[in-house]
Amino acid sequence: MKIKTKLRLGFGFLFLVVISFGGISLYHINQISERSKVILKDNYKSLMYVNEMRTALDNENGNINLNNNSAFDKALKLEEKNVTETGEKNAVIALRNAFTAIKSQNISSAQKNEAMTQIRLQLRNIDELNMNAIVRKNDNATKATEKATIYLSITAFVSFLILFTFIVNFPGFIANPLRELLEGIKEISRKNYKQRLEFKGDDEFSELALAFNKMALELKNWDNTNVAHLKSEKQRIETIIEQMQDAIIGLNEKQEILFLNKVASQLLNLTSSNVIGKSATELAQKNELLKRLLTEKIGEEPVKIYANDKESYFVLENREIIIPNFDEPNEQTLITVGKSAGKVYILKNVTKFKELDEAKTNFIATVSHELKTPLSSIKMSLKLLNDERVGLMNEEQNQLINHIK
């Protein structure tokens, strides 16, 4: 089932619950209203008709004559049409009989008094019947109201539970898969390509899970290929560094030792397996030569180090490794600024060159010394020959002296 269909069903169910609650509420409110109308419509009219008949009697001092006959008869007819309670019909019939007897001309005073008594009695009976009916119906209406209140409360509680369950659980239908997807993406960003998503059903989330799992598999295969290539290149570079005749020490940006070859290990008297990954600054506190290399200024003067059972000379080179800075990529950036990834220290052994330089210097000094003595004698002899006190020289002798000079 698609997500759109599920959303429609969910909101349709919510709408149905609201409509059902509203329908039940309207039904009970209508029942209460109908019962209230019955009380006001039927019994109130009966009481009003009884009151009109009593008023007609009171206007003539409790007697019935031509003045109040029509008013009494009119109210009595209306009451006959408004009989609603049990026993009220018998009372109305008795009232009609007594009223008919009074209107008769062949009636004695005793019969007339008995008929008037009967009229008052039946009026009282009708009054009591309707008053009791009002009280009874009011009690029934009150009970119906209480019952409706209970039903409405139960309906409201059930509706609240349904709505609360819907509100709590239905958003999770959308949020939970999105949260799992977010966690999966975070795991992929941490290079955990074994992360998988499992969504049941055939909706869009299931399709998304299949696409995510396929992507993770492709990334895993790509990463394995790259890792194998990087390991091969790393081993090749390590082999090249290890076979170099110069001492090489590599530090990262945290001044931790990344690598040092065999020559550097011998010079520093350190084992590579024990120092790789450790702070060069801390190791320099226990290793004077390493401390000297880290603090030595780069220059043309060789560094004298005792190695290979003799004094050796090394030239120190310090090169900082700069790599592109991709920590904050920006598509609008035209030039990527580099950042330091560490330093590489190289100690080039120039002992042979230093020895050749010293041999050259000694040779030149020796030759200069050996040639200086005869040349001084020759100069002295030429000076004596040029002295006229010794004697004059001919032209050929002068030419030879000039050639010697």
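Just so it is clear, none of the values below were taken in a lab; they were calculated from the coordinates. Everything numeric in this text was worked out from a predicted model, so none of it was measured. Glycine also receives a Cβ, built like all others from the backbone with ideal geometry; neighbour counts cover every protein chain displayed.
Structure notes:
- The P(r) of the stretch 198-241 has a tail past 16 Å containing 56 percent of all C-alpha pairs.
- Dipole moment magnitude, nearest 20 debye, the chain about Cα centre, only Lys, Arg, Asp, Glu C-beta charged: 1520
- Lys/Arg +1, Asp/Glu -1 at C-beta; the stretch 191-252 dipole; positive extreme among 224, 244, 195: 244
- Taking 29 Å as the limit for the C-alpha separation, the pairs 262/360; 194/339; 231/278; 194/254; 89/147 exceed it in the case of 262/360; 194/339; 194/254; 89/147.
- Taking the C-alpha atoms only, the angle from helix 351-385 to the longest principal axis of the chain is near 30 degrees.
- Expected 222 nm ellipticity per residue - DSSP helices of 4 or more, -39500 (n - 2.57), all of the chain, to 500: -23500 deg cm²/dmol
- Max-minus-min Cα coordinates of the chain on each principal axis give 218, 50, 42 Å, with the largest extent listed first.
- For the chain, with +1 on Lys and Arg beta carbons and -1 on Asp and Glu, the positive-most of 212, 294, 105 along the dipole: 105
- Rounded to the nearest 20 debye, the dipole size of the stretch 197-236 about its Cα centre is 540 debye, using +1 on the Cβ of Lys and Arg and -1 on the Cβ of Asp and Glu.
- Exposure proxy ranking for 48, 380, based on other Cβ atoms within 10 angstrom of each Cβ and starting from the fewest, stands as 380, 48.
- Cα-based helix-to-principal-axis angle, 109-189 vs the chain, degrees rounded to 10: 10
- Pairs of Cα atoms in the stretch 55-150 fall into 5 Å distance bins, from 0 up to the last occupied one, in shares of 3, 12, 19, 20, 15, 10, 6, 5, 4, 3, 2, 1, 0 percent.
- Theoretical FRET efficiency, 1/(1+(r/R0)^6), r = Cβ-Cβ of residue 355 and residue 230, R0 30 Å, to 0.05: 0.10
- The charge dipole of the stretch 186-313, taken about its Cα centre with unit charges on the Cβ atoms of Lys, Arg (+1), Asp and Glu (-1) only, comes to about 320 debye.
- Fewest-first ordering of 188, 119 by other beta carbons within 10 Å of each residue's beta carbon gives 188, 119.
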